[in-house]
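The values are calculated or read from the model by the stated rules, or taken from the named source; none is laboratory data. Being a predicted model, the structure only gives us computed values, none of them experimental. Because the Cβ atoms are built from the backbone with ideal geometry, glycine has one as well, and the counts that use them run over all protein chains shown. Remember, those area values only see protein heavy atoms, side chains included, never the ligands or the DNA or RNA. Shrake-Rupley method; radii C 1.70, N 1.55, O 1.52, S 1.80 Å.
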Amino acid sequence: MADLGHSSDNSSMDSREDNSSQDSKLEFSEDEETLITRMYNLVGERWSLIAGRIPGRTAEEIRKYWTSRYSTSE
């Protein structure tokens, strides 16, 4: 019986995986993108400071957005 409860945990993990795949395609408004760029130019990679200026956004979301959009492959 304990296994049944465990299998439901697995289905919860599956839905979390779906959410994380959605996170990889973060959508930001044009205003948010402009603010992120301006703040990055001022404070660099201090994602928590930048996120503090954008309600509802986390430092991790900002970092992921920046690296997916502006990372350079050298």
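Listed values, structure above:
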item: All helices (runs of 4 or more DSSP H) inside the chain with 3 or more residues being of a type in the set (Asp, Glu) and at pLDDT 55 or above; result: 30-43
item: Members of the stretch 35-74 found to be of a type in the set (S, T, N, Q), open to solvent by less than 70 Å² (accessible area, probe 1.4 Å) and in contact with a Leu (Cβ under 9 Å, 6 or more places away or on another chain), listed by number; result: none
